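Notes to accompany the following structure.
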């Protein structure tokens, strides 16, 4: 088997599909690590713990994700749910980082 990761439309076997999904998952983890590094920075920069949760910003981030999902032809409701979980996990992470200061 080749180490080449095929695009979804080019896959003809489940092994190829799984290899692609596994690669995307690794890429997503790397991107999440970058995102959470920004949460570390936010926890360092924000002057008080109460500034960590910003419902207006949360709504903006989720709205941005929905718009991008729709443009990509993805299910907006599922993306909104995922982003709600992501933002809440990010807030929890940032609160913990703030408390370690």
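Readers should treat all values here as calculations from the given coordinates under stated rules, not as data from a laboratory. Only a predicted model underlies this, so the values are computations on that prediction, with no experimental measurement involved. Neighbour counts run over all protein chains shown; Cβ positions are idealised from the backbone, glycine included.
List 36, 98 from most exposed to least, where exposure is judged by having the fewest other Cβ atoms within 10 Å.
So the residues, fewest neighbours to most, are 36, 98.
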Task: C-alpha long axis of helix 76-99 to longest principal axis of the chain, angle in ° - done: 50
Open item on the list: Order these by the 10 Å Cβ neighbour count, fewest first: 38, 93.
Closed with: 38, 93
Task: Paramagnetic label zone (point 7 Å from Cα along Cα-to-C-beta, residue 31; backbone N under 18 Å) in segment 59-81 - done: 61-81
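Can you give me the Kirkwood hydrodynamic radius for the chain, using every pair of distinct Cα atoms, in Å to one decimal?
15.8
Would you calculate, for the chain, the mean residue ellipticity at 222 nm contributed by helices, counting each DSSP H stretch of 4 or more residues as -39,500 (n - 2.57) and dividing by all residues, to the nearest 500?
Working: 3 runs with 73 residues, N = 101.
Helices in the chain give a 222 nm mean residue ellipticity of -25500 deg cm²/dmol.
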Open item on the list: So for the chain, averaging the separation of alpha carbon pairs under 8 Å that are six or more residues apart and normalising by length, what relative contact order in percent results?
Closed with: 30
